[in-house]
Amino acid sequence: MDKKLGSLVITNRIKKMGTEAIIYNQRGQLSILDQLLLPNQTVYVRIGDVEDGWKAIFQMQVRGAPAIGIVGSLSLVVDLNNQEFDTKSMLNTYLATKLTYLVSARPTAVNMKWCADVLLKLSAELKDCDEVSVAEMKEQIMSMAESFLEKDIEINKKMGMFGANHILERNDKSLRILTHCNTGSLATGGYGTALGVIRTLHNMGRLLHAYCTETRPYNQGSRLTAYELMQDDIPSTLVCDNMCAALMKNWTIDGIFLGADRVVANGDTANKIGTYQLAVLAKYHNVPFYVVAPSSSIDLNMSTGDEIVIEERPATEITHMNGIRVTPKGINCWNPAFDVTPARLITGGIVTEFGVFTPSELNTELSTHLK
Ligand code: MRU
């Protein structure tokens, strides 16, 4: 039963296949689960326009590359639902301004830019098409933006199968899998990317155990992934980030699966800070290292990872825990939210909705599939 409190909806919406982080059942009605309050409170926040969408992304009430693109796009739909435009040109200009603003909320993840490019391409085509009215143009843009949510769930399920089958073809036992950050239902339209592979292995009866890292400093692993693993009754263990070398030495880890904020043409991958060190450890311990990324997380316009802008976040995420200072005042901090893993360390493969590719195959395969 939902309890309405002003602009907040407190509810207990837990789906069998993962937590429902984005509620969009009716045009113009968007709510997101406030991930800043998890795992202790389940509070949904209404998103009424693009400004609300930008704030929710910037403040990380919603996070995870695919979820950022989906919520940003849906915030535009909610916004457009309350607007009237005299001409198609006015609508096109409005879209360009709002989408540029949404893209600016977090710079590293490419998914919001991917959604913006799709919507602006459609807008440009419709603007120049004489048979389409302003109302029809608005309708088509809103429908396209709405479609990202459902499509993302389908894509995640495909990647779950591709990733699970790929590693199972190389192993005949049940597997211990390590993951980092949160790539599940909370970070996507539903089901998840890397966590989607873990879910699929679990559903196939081939997951022996999942390990998730704490993921300092924002604790996406301990707060969010641990929460999703518990919700789905997946056998799992939480470790701190600095325990991963010992984990790989003491327990047989059969594969590491992670998500991506931006995979570039040569396969270099930006993902949550700590990904790179896990890839180095995986190489040393001979553990296959996989990146799970839908095509909306792949940016073929950049050639190498050196071009990726890495978001830097406030020092207070390091100096404080739950609002309490845990460091001496005045200490300098460096807090990059992401790092770039060189393609050569992605030894398992890059799992996409079109299949699993080596980093060197990615550019050609993606270009062919997206033609
Ligand atoms: O800062 P965040 O929480 O948005 O970072 C999230 C990650 O790095 C995820 O691994 C990535 O976005 C993929 S989510 C499917």
**Request:** Name the aspartates and glutamates eligible as straight-distance cross-link partners of Lys371: C-alpha to C-alpha under 17 Å, and not fewer than 8 places from it in the same chain.
**Result:** Asp117, Asp299, Glu353, Glu361
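Where a ≥ b ≥ c are the square roots of the eigenvalues of the C-alpha gyration tensor, would you call the range 198-272 rounded, which needs a/c under 1.5, or, failing that, prolate if a/b is larger than b/c, or oblate?
In terms of gyration-tensor shape, rounded.
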**Request:** Go through 80-90, 59-69 and give me the packing order, highest mean Cβ count within 10 Å leading.
**Result:** 59-69, 80-90
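Expressed as a fraction of 2.2 N^0.38 Å, the rule-of-thumb size for a compact globular protein of N residues, what is the C-alpha radius of gyration of the range 130-271? Show your work: numbers first, answer last.
Numbers: Rg = 18.0 Å, N = 142, 2.2 N^0.38 = 14.5 Å.
Against the compact-globule rule of thumb, the ratio is 1.24.
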**Prompt:** Roughly how many nanometres apart are two label points built 7 Å out from the Cα toward the Cβ at Ser367 and Glu311?
**Reply:** 3.0
**Asked** Can you pick out the pairs among Lys55/Lys272; Lys88/Lys121; Lys113/Lys138 whose Cα atoms lie more than 18 Å from each other?
**Response** Lys55/Lys272; Lys113/Lys138
**Message:** How tilted is helix 134-168 with respect to the longest principal axis of the chain? Cα atoms for both, answer in degrees (0 to 90, nearest 10).
**Reply:** 10
**Request:** Could you tell me what percent of the accessible area of the chain is made up of carbon and sulfur, with a 1.4 Å probe and every protein chain present?
**Result:** 53
**Message:** Limiting things to C-alpha atoms, what are the Rg and the maximum Cα-Cα separation (Dmax) for the range 184-241, in angstroms?
**Reply:** 10.8, 33
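Could you give the size of the charge dipole of the range 153-369 about its Cα centre, using +1 on the Cβ of each K and R and -1 on the Cβ of each D and E, expressed in debye and rounded to the nearest 20? It would help to have the intermediate numbers written out before the result.
Working: 17 positive and 21 negative charges, 128 e Å.
Value, rounded to 20: 620 debye.
Please report, to one decimal in angstroms, the Kirkwood hydrodynamic radius of the range 260-371 built from all distinct Cα-Cα pairs. Before the final figure, lay out the partial values.
Numbers: mean 1/r = 0.0655 Å⁻¹.
Computed over the range 260-371, the radius equals 15.3 Å.
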**Prompt:** Hey, can you rank 126-133, 301-308 by average C-beta count inside 10 Å, highest first?
**Reply:** 301-308, 126-133
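Answer rounded, prolate or oblate for the range 107-176, using the Cα gyration tensor with square roots of eigenvalues a ≥ b ≥ c: rounded when a/c is under 1.5, else prolate when a/b is larger than b/c, else oblate. Walk me through the numbers before you get to the answer.
Working: a/c = 4.22, a/b = 3.06, b/c = 1.38.
Cα axes put the range 107-176 in the prolate bin.
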**Request:** Only helical DSSP H runs with n ≥ 4 go in: add -39500 (n - 2.57) per run for the chain, normalise by residue count and round the 222 nm mean residue ellipticity to 500 deg cm²/dmol.
**Result:** -12000 deg cm²/dmol
**Whole-Å distance, taken between Cα centres, linking the range 178-206 and the range 86-140** = 31
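Considering only protein heavy atoms, what per residue accessible area in square angstrom results for the chain with a 1.4 angstrom probe? Mind dumping the intermediate values first?
Numbers: 16300 Å² over 371 residues.
Value for the chain: 44 Å² per residue.
Asp130 to Ser143: extension gain in nm, 0.36 nm per residue of separation minus the Cα-Cα distance? Walk me through the intermediate numbers first.
Working: separation 13, 0.36 × 13 = 4.68 nm, distance 1.98 nm.
Between Asp130 and Ser143, full extension yields 2.7 nm more.
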**Asked** Convex hull over the alpha-carbon atoms of the range 153-369: what's its volume per residue in Å³?
**Response** 121
**Request:** Could you state the angle between the C-alpha long axis of helix 194-203 and the longest principal axis of the C-alpha atoms of the chain, as a value from 0 to 90 degrees rounded to the nearest 10?
**Result:** 70
**Message:** Below 20 Å, Cα to Cα, which aspartates and glutamates can Lys173 reach? Residues fewer than 8 away in the same chain don't count.
**Reply:** Asp254
**Complete:** Under the rule rounded for a/c under 1.5, else prolate if a/b exceeds b/c, else oblate, using alpha carbon gyration tensor axes a ≥ b ≥ c, the chain is classed as prolate
**Asked** Over the C-alpha atoms of the range 3-152, what are the Rg and the largest Cα-to-Cα span, Dmax, in Å?
**Response** 15.6, 53
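Quick one: work out the % antiparallel among DSSP beta bridges in the chain, nearest 5. Before the final figure, lay out the partial values.
Values: 27 of 46 bridges.
The antiparallel fraction comes to roughly 60 percent.
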**Request:** Among Met321, Tyr290, Thr183, pick out the residue whose Cα is farthest towards the positive end of the charge dipole of the chain, where Lys and Arg carry +1 and Asp and Glu carry -1 on C-beta, about the Cα centre.
**Result:** Met321
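The values are calculated or read from the model by the stated rules, or taken from the named source; none is laboratory data. Everything numeric in this text was worked out from a predicted model, so none of it was measured. FYI the Cβ positions are ideal-geometry reconstructions off the backbone, even for glycines, and counts take in every protein chain you see. Just the protein is used for accessible areas: all its heavy atoms, side chains included, with ligands, DNA and RNA removed. Shrake-Rupley method; radii C 1.70, N 1.55, O 1.52, S 1.80 Å.
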